[in-house]
Every structure is written in C-alpha cells, then in structure tokens.
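K.L.:
One structure coming up, written as structure tokens, with questions to follow.
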Amino acid sequence: MIDFFIPVADWINTAFDAISLSISPTLRTISAFLETIIKGFENILLWPPEVVILVLASILVWRVAGAKLAVFAFLGLLATIGMDVWQETMATVALALSGTLVSLLFAIPLGILASQSNTAERIIRPILDFMQTLPSFVYLIPAVMFFGMGKVAALVATMIFAMPPPVRLTNLGIREVSHEMVEAARSFGSNRWQTLVDVQLPLAMPTIMAGVNQCIMMALSMTVIASMIGAGGLGLVVLRSMQTLDIGMGTVGGLGIVILAIILDRLTESIAGDNRNNR
C-alpha cells in the first residue's frame, strides 16, 4: 500500500488567503461595480408597474421574433404574475442578463484573440476545457471567498460559468470565414483590423450569436445553483422547495425558469437567424 499525502487543499487555501489579502482594495472596487450593474437591471425591471414591463417585453419580442413568441411571452410573464413570483422572475432576469453582459465583455475579445493567434488559442483552449469540466458548484467557492455571500458573488460565479461557449464559438465563427473572402479584402488594401471588423466579424455573426445564446442559457441555469450563495430570484424559490419538500413551490419556480429560458432562447435564435439571412 502506497502511503503518502499531497496537501493540495492546504496549498490552495493558503494561496487564496494570500491573494485575497493582496487584492482586497481591487476586489472592493470590482464588487461595487458589479453591484451597480445588477442593481441597475433590477431597478429597471422592478420600478415600473408589472403591466408596463409585460407590454414592453411583448412588443420587443414581437419586433424581434414575431407574433407567436410575443403571445407566448405575454402569457408566460402574465403567468408569473398570477403565480406570485413576478419579483423573483425579474430578479432572475437581472442576474442572468448581468452575468451574460459581463461574460461577453471578456468572452468576445478572448474569442477574437484566439481566432487571430494560434498560440493564444493553444493557451486558451485548455483553460476553457478546465472551466467546462469543473462541476458548477465549485464555482461558488472562490466567488464566496473573494466577494462574500450575496448577489455579487452569484454574479461572478454566473459570469465565469457562462463564459466558455461564447469564447469557443467566437473563435470558431471567425476561423470558419472562407480564406478567399479574407484574401479578397486584403487584396483591396484592408489591413488586419479592417478585415476583422468589416469581413470576418459580420460573416461570423450567426456563430457568435449562437455563443451568446449558449451564454444566456448557462447564465440562467447558474442562477438556480447560485441561489445557495444569496442570488435570490426563482432559484431561491426552487431551493426553498427542496428544503421544505414543497413540490408545488418547486413547480412554480421551475415553470418560471422554463418560461424565461424559452423566451430568451428563441429571441437569440431569431437574431442569429436574421444575421444568417443577411449574409
């Protein structure tokens, strides 16, 4: 029998303690910024009367994705009002949109970098593999250690969890642009930046939007898990139902999440389809 011990847990805990102490002022700044984002989304969604948001959301969906989805969005959101989970639904939307926005601020540039440099891709790919194979609950630990319990930690965990798909698909979409199109642009005098902005990004937009779609779906799924560290919203409804074995409450929370998932998924699919048709 082999008898030896590798204190990995102790090494990681020591490293986290040292890092958190050294970057504490920066963490406070980041926390304040992220809290401003999520509170801003929540205030926008919860300040007007429910009927105003209901009508505006339906009009937006109708303009982007058509009448059928608009009717579904109206009835689905109306159902959340009837089930008395409107505030929780809007809190979940705020967290999912905040997580998606912050994720894309990092993911799109990283995807572009990976598409322009094989060395960068070789560095980024194993990191993304690690992020996608890591159990989602593990993301909660560093988020809580650095930012404490609450919505900011939930936003950070959501952001990191949702980042890999848009990075991969941005890289893939740009690399799939035909070499002939790139060469044609360069033959007309476009430099590398102009070729990227005017040719590669527009042609890659359907694939990039697929990455945005996946980012939104993963952010929405993480909001349920993040309820364990104070995310609130529909995830908290589901969590409470598990703690109290209340099947009805769990069904209500689950239905709210399904309604949001369908609306957001079809919206981004419609946008991606429009971009594909305009190619």
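Derivation of every value follows stated rules applied to the coordinates shown; laboratory data play no part. What you are looking at is a predicted structure, and each value in this text was computed from that prediction instead of being measured. Glycine gets a Cβ as well: all are built from the backbone with ideal geometry, and neighbour counts include every protein chain shown.
K.L.:
Which listed residue (GLY230, ALA210, LEU260) has the Cα farthest towards the positive end of the charge dipole for the range 183-278, taking +1 on Lys and Arg C-beta and -1 on Asp and Glu C-beta about the Cα centre?
P.N.:
Most positive-ward Cα: GLY230.
K.L.:
Loop-only check: which chymotrypsin sites (Phe, Trp or Tyr not before Pro) in the range 123-197 are DSSP coil with at most 10 other Cβ within 10 angstrom?
P.N.:
For chymotrypsin sites (Phe, Trp or Tyr not before Pro) across the range 123-197 that sit outside H, G, I, E and B with at most 10 neighbouring Cβ atoms in 10 Å, the list reads PHE188.
K.L.:
Same structure again: What ranking do VAL8, VAL144, VAL93 get, fewest neighbouring Cβ atoms within 10 angstrom at the top?
P.N.:
In increasing order of surrounding Cβ atoms, one gets VAL8, VAL144, VAL93.
K.L.:
For THR133, THR14, THR80, THR100, what ranking results if the residue with the fewest other Cβ atoms within 10 Å of its Cβ goes first?
P.N.:
Fewest to most other Cβ atoms nearby, the residues stand as THR133, THR14, THR80, THR100.
K.L.:
Moving on to the next point. Peptides 229-236, 199-206: what's the order by average Cβ count within 10 Å, highest mean first?
P.N.:
229-236, 199-206
K.L.:
While we're here: Two decimals is fine: what's Rg over Rh for the range 184-224, C-alpha atoms, Kirkwood radius as Rh?
P.N.:
For the range 184-224, the value is 1.30.
K.L.:
By counting other Cβ atoms within 10 Å of each Cβ, how are THR158, THR170 ranked from fewest to most?
P.N.:
By the 10 Å Cβ count, ascending, the order reads THR170, THR158.
K.L.:
Considering Cα pairs under 8 angstrom that are at least six residues apart, work out the relative contact order of the chain and quote it in whole percent.
P.N.:
23
K.L.:
Specify whether the C-alpha gyration tensor of the chain places it in the rounded, prolate or oblate class, a ≥ b ≥ c being the square roots of the eigenvalues: rounded for a/c under 1.5, otherwise prolate if a/b is larger than b/c and oblate if not.
P.N.:
In terms of gyration-tensor shape, oblate.
K.L.:
Let's see if you can work this out: charge +1 on each Lys and Arg Cβ, -1 on each Asp and Glu Cβ, no other charges. What is the dipole magnitude of the range 24-277 about its Cα centre, in debye to the nearest 20?
P.N.:
The dipole of the range 24-277 has a size of about 320 debye.
K.L.:
Still on this model: Please report the relative contact order for the range 71-193, taking Cα pairs under 8 Å with a sequence separation of at least 6, and give it as a percent rounded to a whole number.
P.N.:
Relative contact order here is 33 percent.
K.L.:
Now for a separate question. Would you mind telling me which residue in ILE81, ILE123, ILE208 has the biggest mean-square fluctuation in a Gaussian network model of the chain, where springs connect alpha carbons within a distance under 10 angstrom?
P.N.:
Most flexible of the set in this elastic network: ILE123.
K.L.:
Ratio of the range 124-167's C-alpha Rg to 2.2 N^0.38 Å, to two decimals?
P.N.:
1.15
K.L.:
Of the options ILE44, PRO126, ALA185, report the single residue whose Cα projects farthest towards the positive end of the charge dipole of the chain (beta-carbon charges: Lys, Arg +1; Asp, Glu -1).
P.N.:
ALA185
K.L.:
Using helices alone, I'd like the mean residue ellipticity at 222 nm for the chain: each DSSP H run of four-plus residues gives -39500 (n - 2.57), total over residue count, nearest 500.
P.N.:
Calculated from helices alone, the mean residue ellipticity at 222 nm is -27500 deg cm²/dmol.
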